[in-house]
């Protein structure tokens, strides 16, 4: 069965520092991979997605993620974090052949200190 | 109105009440989803509808009853809920079910007393 692991429950970084959020997945074929962000009291907003092609994906708000098949990873990165990036980040895998069902990781809460 | 909207945003109900959550999407999508987000647990898919037909019921208790009258509207009817059903209920939609991106609403925060 497919699964997603986000090893870090909380991460704290200083404003202006770089960020990397980890995501590992388990899936038997080529997955569709997503990163979503959720601010307090809000729904989920799509940051970026990987379906195929270039393994380095650019998203909104200056985020990028790299698909590494050999490591079953899809880590999210940002070179310089802003205070407004404080939120909860979710990685998800979406196998097409299962009717577009998304399996989510447990989330990583990002705190930004000034 | 843009995107996916959900009403009400907050709901408090007793265990004997009956209430309904509403979701509306203004994106021209054909697939709609209900998710449950509980504290300290990953998002759980509850139901999926595609062109108004239910395509997925993820072993959800019968006290949750979905309804999809058309591709733009999705309801979740609630009755005789338990306190452990307190959670954020998120609605999402996608153009189809071929791996398209799901767009989420802001959610309904439900508290069952």
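Odds and ends about this structure:
- Meeting the requirement of 3 or more residues that are in contact with a strand residue (DSSP E or B) (Cβ under 9 Å, 6 or more places away or on another chain) and within 11 Å of chain A (Cβ to nearest Cβ), the strands (runs of 3 or more DSSP E) wholly within segment B:12-56 are B:31-37, B:44-50.
- Condition check for residue A:7: within 12 Å of another protein chain (Cβ to nearest Cβ), part of a loop (DSSP other than H, G, I, E, B) and within 25 Å of residue B:41 (Cβ to Cβ): no
- Residue within segment B:45-67 that is under 30 Å from residue A:51 (Cβ atoms) and touching a helix residue (DSSP H, G or I) at 6+ places or on another chain (Cβ under 7 Å) present: no
- Within segment A:26-45, if we keep just the residues that are within 19 Å of residue B:7 (Cβ to Cβ) and not in a strand (DSSP E or B), the residue that is farthest from the other protein chains (Cβ to nearest Cβ) turns out to be A:41.
- Unmet criterion (only one of (1) within 13 Å of the chain's Cα centre (by Cα); (2) at the interface with chain A (Cβ under 8 Å from one of its Cβ atoms); (3) without any contact (Cβ under 8 Å) to a residue 12 or more places away in the chain) for residue B:106: (3)
- Segment B:103-113: number of residues that are part of a loop (DSSP other than H, G, I, E, B) and closer than 11 Å to residue B:34 by Cα: 2
- Sole exception among (1) away from every other protein chain (no Cβ under 14 Å); (2) within 25 Å of residue A:107 (Cα to Cα); (3) surrounded by fewer than 17 Cβ atoms within 10 Å (Cβ to Cβ); (4) in contact with a strand residue (DSSP E or B) (Cβ under 7 Å, 6 or more places away or on another chain) for residue B:84, by number: (4)
The numbers here are math on the coordinates, done by the rules we state, and not lab data. Bear in mind that the values here come from a model prediction, so they are computed numbers and not experimental data. Please note: Cβ atoms are built from the backbone with ideal geometry, for glycine as well, and neighbour counts cover all protein chains shown.
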